[in-house]
1. Run down the aspartates and glutamates and flag those whose C-alpha is under 19 Å from the C-alpha of residue 43, throwing out any fewer than 8 positions away in its chain.
2. Per-residue HN-Hα couplings for the stretch 307-322, Karplus 6.51 cos²θ - 1.76 cosθ + 1.60 at θ = phi - 60°, whole Hz, x for Gly and Pro?
3. Residue farthest toward the positive end of the dipole of the stretch 5-380, with Cβ of Lys/Arg at +1 and Asp/Glu at -1: which of 137, 91, 117?
4. Once you have the Kirkwood Rh of the chain from its Cα pairs, apply Stokes-Einstein at 37 °C and 0.692 mPa s and quote D in µm²/s.
5. Find the relative contact order for the stretch 68-208 and round it to a whole percent, using C-alpha pairs within less than 8 Å whose residues are 6+ positions apart.
6. What list of ³J(HN,Hα) values in whole Hz, one per residue of the stretch 36-50 in order, does the Karplus curve 6.51 cos²θ - 1.76 cosθ + 1.60 (θ = phi - 60°) give from phi, with Gly and Pro shown as x?
7. Let me see the P(r) profile for the stretch 256-377: every Cα-Cα distance counted, bins of 5 Å, each bin given as a percent of all pairs.
8. When Rg is the radius of gyration of the Cα atoms in the stretch 1-128 and Rh is its Kirkwood radius, what does Rg/Rh come to?
Amino acid sequence: MSWTHRERILAALNHEEPDRVPIDFGGAEFTSITLAGYERLKKYMGVDEPTDVMSIIHTCAHPAESILEKFGVDTRNVQPSAYEGGDDHWIDDNTYIDMFNVLWKRTEKAVDQHFLHQDGPFHGGKLTIEQIEEYDWPSGKNTGLVKGVRERVEQIKANGDHAVCLYIPGGVVHRGYAMRGFEAYLKDLYKRPETLQRLMDKLCDFWCDNATSMIEAAGVDNVDIIYFGEDLGTQESCMFDPDTIYTNYLKPRHRRMIETVKGLTNNKVKICFHCCGSAYHFIPHLLDIGIDALNPVQVTAKNMEPERLKEEFGDCLTFWGGINTQEILPFGTPQEVAEETKRIISILGKGGGYILNSVHNIQAEVPPENIVAMFETGAAHRYH
């Protein structure tokens, strides 16, 4: 049997073994490569093409089609375009204001020059429901967001039967603490949950409207995966209690988001949820609301040992990622990277249920030869 890219991805998501492990690179802005790292990779591979920026804030690239083909990548990314008629603009080369009026500042001394949120519409002081209601909220139905989506999907279909990964950014945590401030957001979860829930509802409204518009623009039958996420964990623990804070305040919004997209697609679409850090204690909740896959599977975080995850959740959750970007990829040799890639595939890929990718975006310090070693090892893998 000759497997198409799409069939390979869907088999893994259905916990079946395809011919080889499926591969993702750039399916969403958390599974790609930083701009600095990408320039090194292009030079190493002899690719002389302009860099297409996937995300300003996360400073990551859309890998070129020639590189995706070289690595045997099975996914292709579709995501919103620029908001039309909003307030997003550059103040200078290092300062950007997004469509939610969040001010982002470039970390000039860092290698990758990431952006950090410095100010937002609800930073400082006590947040009130009146402030939230009076705010001029952007619309998730903005026509600019879906510009070019249909054409991008048609291009993917014309170039080969790849799995269409529709990335819907935002959510109620990431965007919430950018607008409110990280510390204030966490304090409000405990001190003023009723007020913060109204902020969450507004953000959830935007996400659901955007997702609906994107799915309709792409064509319901053309979307294979919806990718979104929220960071709920740290390296050592949960950011907040899964059984109280998450269950009472965040989980109902995530459930609504998932029900929205599953309802639009007659439950055919698969949902990949991005959660950095120690996600272990959140997994039962994520499964309960309909998550099909977890990314990036940060194997160096507490309770995220791949053997444990596969044993406890391998029959109902697909693992997407898992190749160590904190130690092996940046500091190992190509041979060590290849061996680690084989090890992760042997654990998480047994019986299907695994998609190969790095843990989060590949960083600038990762040697290009290690990137090649990871993807070539995956492409050479065979289940039978």
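Every number in this text was worked out from the coordinates using simple rules, so none of it is lab data. Fair warning: this is a prediction, and the values are worked out from it, not measured in the lab. Every residue, glycine as well, gets a Cβ built from its backbone with ideal geometry; the counts of neighbours run over all protein chains shown.
1. 52, 65, 69, 112, 365, 369, 376
2. Result, rounded to whole Hz: 4, 5, 4, 5, 5, 8, 10, x, 7, 9, 9, 8, 9, 10, x, x.
3. Working it through, the farthest residue towards the positive pole turns out to be 137.
4. Working: Rh = 21.1 Å.
Roughly 155 µm²/s, to the nearest whole number.
5. Working: 178 pairs, mean separation 42.0, N = 141.
RCO, the stretch 68-208: 30 percent.
6. Result, rounded to whole Hz: 5, x, 5, 4, 5, 5, 4, 4, 5, 8, x, 8, 10, 10, x.
7. Once binned at 5 Å, the Cα pair distances of the stretch 256-377 give 2, 12, 21, 22, 17, 12, 8, 4, 2, 0.
8. So for the stretch 1-128, dividing Rg by the Kirkwood Rh gives 1.08.
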